[in-house]
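Working notes, beginning with the structure itself.
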Amino acid sequence: MTLATPNPIVCLRGIDKTYASGFLALKNVNLDINRGEIFALLGPNGAGKTTLINIICGITNASSGTVSADGHDTVRDYRAARATIGLVPQELHTDAFESVWTTIKFSRGLFGKAPDAAYLEKVLRDLSLWDKRNAKIMTLSGGMKRRVLIAKALAHEPKILFLDEPSAGVDVELRHDMWRMVRELRVQGTTIILTTHYIEEAEDMADRIGVISKGELIVVEDKDALMRKLGKKQLSLTLRHPMTNIPAELSEKSLELSEDGQTLVYTFDSQKEETGIADLLRLMSKHGIEFKDLRSSESSLEDIFVSLIHQSNTVNS
Amino acid sequence: MNIHGILAIYRFEMARTFRTVAQSVAAPVLTTSLYFIVFGKAIGSRMGDINGVSYGAFIIPGLVMLSLLNESISNASFGIFMPKWAGTIYELLSAPISWGEAVIGYVGAAATKSVMLGLLILATARMFVPYEVAHPFWMFAFLLLTAVTFSLFGFIIGLWADNFQKLQVIPMLIVTPLTFLGGAFYSINMLPPLWQKVTLFNPVVYLISGFRWSFYGIADVNIAVSIGMTLGFLVACLTFVWWAFKTGYKLRT
């Protein structure tokens, strides 16, 4: 699948990755990430999300294909490309014996930036780490270590920030702080690519969604468009008297009866001009089916994600 | 060139030394002092001169080399192994830094520490045994060249090792025996003719011989051969490190 945009900040073409063990981790991945967007990459464990991020960042070699970051090829012009990228890895890899201040100073220097104590102070204050600047990393909690990794990734003022499962193992407060910071970074013009298992967060935060399954990018879509296109709406009617089966005249409708016969669920496409609800209610009245309550619900991104992965697995098998 | 990147690595590694000063500096100085007391004073006083040099003074270059080799390998191998082991290597691999710049940072810091330690041991030796340095420039040149070469070798061991046992196995089972058998405590001319030939396959012989020549003007092998062998090993190590970074050997999957 290719989704070309006019001025992408990250551009992947024909990326394949086969590990030495023979495991095919990525198959012909083509993807453009827009400048200034929040892009959420979703996929089950082992789908290839981290491999894809590692290839863009230079940690893993692609078997074939090209990657550019901010217009620079990540292999031929790796210096310019990597200088634009910050990475927060999934695992809490830290220098246990270093202080917070020393480690972010190191990160800024490593990425070729001159020292700038004022900027680093701002980063630490934004992440509520300033009071911990002299603490050894080994003395910090898991959540604090996660903040340190974010501070390290931001130390060289990257244009592109990769957050690989940043919410894993952090408490609610930190998660909210983190997403507030992500939104602020986006406002400042940073492009953010994140992978997450908290799909509601992707639903809440992302501008676009990519779904990867078994190394293949199966969907790349504007989040709202994806929700509209693949999302379903349902009307649940709680019946006054339980039913044993749906009358023949109603069976052509997309209806499901609950096991206890108490609830009738009608699934419809909310984007269509004619939802069929009026017709359904008329037919129910005709058959003397009364209801005492009704409520409507919409598919979450999680429902869509599960459905896409299920479809992909069915096609592959 | 990523000067800030080189300096960041260099300072990071030097800070590690000063944080572990007892292990990095005090331990090798104490060990070498014990050698001087036992071999230089206690046993050396009962031994005759070798090529006109007292035994206590004769062993100084060899003992300095013994520490220099061990510390160069240990510092540089640990420097690159630890980020691999702790997982923080991701930052180096994703940074806009070339293999040469990374090597200057890591190997430069390891070699600096080794040279400082070598000079400290020489100063310590002065407290036990009087000695002269006939060629101070060449003495420092050998010290520096050996420190850089064996720091590079240590860097390779650190790249190759994927556990602590592998990190120790080459220094303990190969380098230390080669150093002891490389003429640290004797002149190879004191060996039977056959072993004199065999010992020439030991690269440490050339280092100790050249280093000793810079002190006393006496050498077991030609000084030019000593320099040539050391430079050859340096080039071989550099080539391997270049290849390792180019292919991602033990670094990139």
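The values are calculated or read from the model by the stated rules, or taken from the named source; none is laboratory data. Please read these numbers as outputs of a predicted model, since none were measured by experiment. FYI the Cβ positions are ideal-geometry reconstructions off the backbone, even for glycines, and counts take in every protein chain you see. Each accessible area value is taken on the protein alone, full model and side chains, heavy atoms only, with ligands, DNA and RNA left out. Shrake-Rupley method; radii C 1.70, N 1.55, O 1.52, S 1.80 Å.
Identify, from the list A:Glu173, A:Glu216, the residue that is in contact (Cβ under 8 Å) with a residue 60 or more places away in the chain, open to solvent by 60 Å² or more (accessible area, probe 1.4 Å) and under 30 Å from A:Thr51 (Cα atoms).
Being in contact (Cβ under 8 Å) with a residue 60 or more places away in the chain, open to solvent by 60 Å² or more (accessible area, probe 1.4 Å) and under 30 Å from A:Thr51 (Cα atoms) holds for just one of A:Glu173, A:Glu216, which is A:Glu216.
Any chance segment B:189-203 includes a residue that's within 23 Å of B:Ser151 (Cβ to Cβ), touching a residue at least 40 places away in the same chain (Cβ under 8 Å), open to solvent by 50 Å² or more (accessible area, probe 1.4 Å) and assigned to a helix (DSSP H, G or I)?
no
Can you give me the number of residues within segment A:60-101 that are at positive phi and charged (D, E, K, R)?
1
Step by step: first the residues of segment A:55-69, then only those that are facing chain B (nearest Cβ under 7 Å), surrounded by fewer than 23 Cβ atoms within 10 Å (Cβ to Cβ) and not hydroxyl-bearing (Ser, Thr, Tyr), then the one that is farthest from B:Phe18 (Cα to Cα). Which residue is that?
Of everything passing the filter in segment A:55-69, A:Asn61 is farthest from B:Phe18 (Cα to Cα).
Residue check: is B:Phe18 buried (at least 21 other Cβ atoms within 10 Å of the Cβ) and among the aromatic types (Phe, Trp, Tyr)?
It is false that B:Phe18 is buried (at least 21 other Cβ atoms within 10 Å of the Cβ) and among the aromatic types (Phe, Trp, Tyr).
Which of the residues spanning segment B:241-253 are surrounded by fewer than 17 Cβ atoms within 10 Å (Cβ to Cβ), in contact (Cβ under 8 Å) with a residue 40 or more places away in the chain and in a helix (DSSP H, G or I)?
If the condition is that a residue be surrounded by fewer than 17 Cβ atoms within 10 Å (Cβ to Cβ), in contact (Cβ under 8 Å) with a residue 40 or more places away in the chain and in a helix (DSSP H, G or I), then B:Trp242, B:Lys246 are the ones that fit.
Name the helices (runs of 4 or more DSSP H) wholly within segment A:70-163 that hold at least 3 residues that are open to solvent by 10 Å² or more (accessible area, probe 1.4 Å) and facing chain B (nearest Cβ under 8 Å)?
A:78-83, A:100-110
Does B:Tyr106 satisfy the condition of being in contact with an Asp or Glu (Cβ under 7 Å, 6 or more places away or on another chain) and under 24 Å from B:Leu207 (Cα atoms)?
yes
Does any residue of segment B:24-43 turn out to be in a helix (DSSP H, G or I), within 14 Å of another protein chain (Cβ to nearest Cβ) and hydrophobic (A, V, I, L, M, F, W, C)?
No, every residue in segment B:24-43 fails to be in a helix (DSSP H, G or I), within 14 Å of another protein chain (Cβ to nearest Cβ) and hydrophobic (A, V, I, L, M, F, W, C).
For B:Gly48, all conditions in the list (1) in a helix (DSSP H, G or I); (2) surrounded by fewer than 20 Cβ atoms within 10 Å (Cβ to Cβ); (3) free of Cβ contacts under 8 Å to residues at least 12 places away in the same chain hold save one; what is the number of the exception?
(1)
How many of the residues making up segment B:60-102 are under 23 Å from B:Val169 (Cβ atoms) and away from chain A (no Cβ under 14 Å)?
Summing the residues that are under 23 Å from B:Val169 (Cβ atoms) and away from chain A (no Cβ under 14 Å) in segment B:60-102 gives 13.
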